[in-house]
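Visitor: Please find one structure pasted underneath; my questions will follow.
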Amino acid sequence: MRSPCVELCGFDARTGWCQGCGRTREEVRRWRNLRPGDARRVASDLPQRLAKLSTRLAKDGAR
């Protein structure tokens, strides 16, 4: 499976998710070695992670 990296790496301290693609550092490191099913599961979670991250960052920025 192709990497979801968008080359905007920056990891959120609270969640541990990359602000560009939504993966954790461990998922980024292991991506090439993940089984296809595991990679698909991670990839399917990314839109929700990014939405949560975006909402949280927007709230934090409003303070």
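Visitor: In debye, nearest 20, what is the charge dipole magnitude of the chain about its Cα centre with +1 on Lys and Arg Cβ and -1 on Asp and Glu Cβ, if you could check?
Guide: 140 debye
Visitor: Name the residues whose placed amide hydrogens come within less than 5 Å of the amide hydrogen of residue 24, ignoring near sequence neighbours (fewer than 5 apart) on the same chain.
Guide: Hits under the 5 Å cutoff: 18.
Visitor: Next question. So which trypsin sites (Lys or Arg not before Pro) in segment 1-37 end up in coil per DSSP with only 13 or fewer other C-beta atoms within 10 Å?
Guide: Here the sparse-neighbourhood loop sites are 2, 14.
Visitor: Also: Return one whole number: the accessible area per residue of the chain in Å², for a 1.4 Å probe.
Guide: Result: 75 Å² of accessible area for each residue.
Visitor: Three principal axis extents, largest first, for the C-alpha atoms of the chain, in Å?
Guide: Here the Cα extents, ordered largest to smallest, are 41, 18, 17 Å.
The values are calculated or read from the model by the stated rules, or taken from the named source; none is laboratory data. Note that the structure is predicted; figures quoted are calculated from it, not measured. Cβ coordinates were reconstructed from backbone atoms using ideal geometry, including for glycine residues, and neighbour counts include every protein chain displayed. Calculation scope for accessible area: heavy atoms of the full protein, side chains included, ligands and nucleic acids excluded. Shrake-Rupley method; radii C 1.70, N 1.55, O 1.52, S 1.80 Å.
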